[in-house]
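See structure below.
Just so you know, all these numbers are worked out from the coordinates, no wet-lab data involved. Small disclaimer: the values here were computed from a predicted structure and weren't measured. Methodologically, a virtual Cβ is constructed for each residue, glycine included, from the backbone with ideal geometry; neighbour enumeration extends over all protein chains shown.
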Amino acid sequence: MFRYVMKRIMYMFITLFVVISVTFFLVRLLPGTPFNDQKLNAQQIEKLEAQYGLDKPVPVQYLKYLTGVFQGKLGTSFKNANQKVEDIIKIRIGPSAMLGAQSLVFGTIVGLALGIVAALKRNTIWDYLCTILSVVGVSVPSFVFAATLQLYIASKMSLLPITWGVPLGSDFRYVWTVLPSLALSFFTISNVARFTRTELVEVLNSDYIVTAKAKGLSKATVILKHALRNALIPVITVLGPLAAGLLTGSLVVEKVFAVPGIGDLLVNAINTNDLFVISGVAILYSAFYIVVILIVDILYGVIDPRIRLAGGN
C-alpha cells in the first residue's frame, strides 16, 4: 500500500506540473491585455509590461513563473494594487472552503439517509420519492436552486439573509452561509442518494447478507456493519469529484449571493485579464482536485481490505 501511495503522489506532481504549464500558455491566448485602460498611452503600457516582466519572450516568462510557483509565489496581480496572488487567494479561500465543506457534509449525510431509506423501502412510495428527488437534484443547476431559495426563503419569508454580509437581526455571521450551502448541496444529495440506493440494493441480495441474517444478527447490524460498508466504495468514488466540483461549481452561486470567495475572484480576473490571478486560481483548483482523488484512492484500502491484500491495485 505504501508503494502504491508513493506512486500516486509522483503522478500527482507530474499532473500538477502539466496543469501549470498548460494554464500558463492558455491564459496568454485570451483576447486583450491586462492594461486595457484607454487613459494609458503607449509609453506607460510599455513601462507596465516591463515592470511585470511581460516584455520578455514567453519562454523566459514561463521559466520565471515556474520557478516562482515551486517557491510558493504565484505572481503579482495587475488589478489589486500590486498584491501578491497567493495573499489574495488566502483572503478569498475562506468563504469558498466554508461553503464547500458545509455543502459536502450536509449533502453526504442527507444523501446517505435517503439512499438507505430508498433501498430498504424498495418499490414503495418512499423509494419513488427519493428517486424523483435525485433526478430533480441532478437535472436542475445549483444557481436555479440558489435563486429560488433567495426569492422565497430570504426575500419573501425573511428567514435568512438575502446576500452575504447582510444582517438579519442576528450576530451569528455564519447564518450567511446557510442558503448558499443548501443550494450547492442539492447536487451532492442527489448523487449520493442515487449511488447508495443502487449499491445497497445489490449488496442486500448478496449471499453473505443472507448468512448474516441467518446467524441472528439484528437488522441494524446487518445494514450498518455489513451491507453499508461494502456499498460505500462507489459512493466514495463519486464523493471525490463532488468535493472538487463544489469548489469549482460555486462560481455562479457565489455571484448570486455576493459571496467574496474564489469564484467571484476568478470571474473578476477573467473580465479584467488579470493573468496571474487566473493562473493561480486554476492551479489551486487543480491541486485540490488531485489531492481529493488521492485521498479517495487511499480510502479504498481503508474500507475494503481486499484492496490492501491486492497491493493497492
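Laid out as a table, the results:
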{"quantity": "Shape call, region 1-110: gyration tensor on alpha carbons, a/c limit 1.5", "calculated": "oblate"}
{"quantity": "5 angstrom amide H check on SER206, placed H, neighbours 5+ away", "calculated": "none"}
{"quantity": "Pair THR198, LEU26: separation of 7 Å Cα→Cβ label points (nm)", "calculated": "2.8 nm"}
{"quantity": "Under 19 Å from the LYS47 label point (7 Å along Cα→beta-carbon), backbone N, region 74-103", "calculated": "78-83"}
{"quantity": "Nonlocal amide H pairs with THR76, under 5 Å, H built at 1.01 Å", "calculated": "VAL85"}
{"quantity": "LEU217 long-range amide H proximity, modeled H, under 5 Å", "calculated": "none"}
{"quantity": "For region 58-73, 3J(HN,Hα) per residue [Karplus equation, 6.51 cos²θ - 1.76 cosθ + 1.60, θ = phi - 60°, Hz, x = Gly/Pro]", "calculated": "4, x, 5, 4, 5, 5, 5, 5, 4, 4, x, 4, 6, 9, x, 10"}
{"quantity": "For region 85-309: span of alpha carbons on each principal axis (Å, largest first)", "calculated": "65, 45, 32"}
{"quantity": "Reachable lysines, given that their alpha-carbon falls under 25 Å from the alpha-carbon of LYS156 and they are not under 8 places away in the same chain", "calculated": "LYS255"}
{"quantity": "Residue of ASN41, ASN82, ASN123 that the Gaussian network model of the chain assigns the largest fluctuation, springs spanning Cα pairs under 10 Å", "calculated": "ASN41"}
{"quantity": "Value of relative contact order over region 85-309, rounded to a whole percent, pairs C-alpha under 8 Å and six or more apart", "calculated": "28 percent"}
{"quantity": "Added length on full extension, which subtracts the Cα-Cα distance from 0.36 nm per residue, ALA214 to LYS255", "calculated": "9.2 nm"}
{"quantity": "Under 27 Å from LYS225, Cα to Cα: lysines that are on another chain or at least 8 residues apart", "calculated": "LYS121, LYS213, LYS215"}
{"quantity": "J(HN,Hα) series, region 156-162, from Karplus relation 6.51 cos²θ - 1.76 cosθ + 1.60, nearest Hz, glycine and proline x", "calculated": "7, 8, 6, 8, 9, x, 6"}
{"quantity": "Cross-link reach list, lysines versus LYS64, counting only Cα pairs under 17 Å and skipping chain neighbours closer than eight places", "calculated": "LYS56, LYS73, LYS84"}
